[in-house]
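Q: Take a look at the following structure, please.
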Amino acid sequence: MSAPPLPRVLVAHPHVRCDAHILSGSPHIIGSRVPVRRLWSWHRGGTTVETLFRRYPNLGRNKVLDALAFAYDNPELIQADLEREQRLFEERGGPTKFARPL
């Protein structure tokens, strides 16, 4: 079953891409498979930006900050991506060895 389509990007950012062949079209940081929704959900849940920098040192500060800015500029897209991911998680029967809910 394919993932439902996401809303279109309203404001593009230089370090974030949506590619149908990577993460089913979820916005992700270029050069990685880190979805913007992951950084966004952690940040909105109280994780500091400094902690995200330490958690993802390979991304660098610019990419982490750009991903968060992308989420602020495209809230409908990020919310739809979070909801889609949660739906897929539930359809697959909950956690597997490496999966966790958002």
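Q: Can you give me the accessible area per residue for the stretch 1-59, using a 1.4 Å probe, in Å²?
A: On the way: 3680 Å² over 59 residues.
Value for the stretch 1-59: 62 Å² per residue.
Q: Follow-up question, since we're still on this one. Rounded to a whole number, what % of the accessible area of the chain do carbon and sulfur atoms account for, probe 1.4 Å?
A: On the way: 3430 of 6450 Å².
About 53 percent, which is the carbon plus sulfur part of the accessible surface.
Q: Of (1) 40, 25, 21; (2) 46, 33, 25; (3) 35, 30, 23, which is the value of Cα extents along the principal axes in Å derived from the coordinates here?
A: Entry (3).
The values are calculated or read from the model by the stated rules, or taken from the named source; none is laboratory data. Fair warning: this is a prediction, and the values are worked out from it, not measured in the lab. Keep in mind that these areas ignore ligands, DNA and RNA; they rest on the heavy atoms of the full protein, side chains included. Shrake-Rupley method; radii C 1.70, N 1.55, O 1.52, S 1.80 Å.
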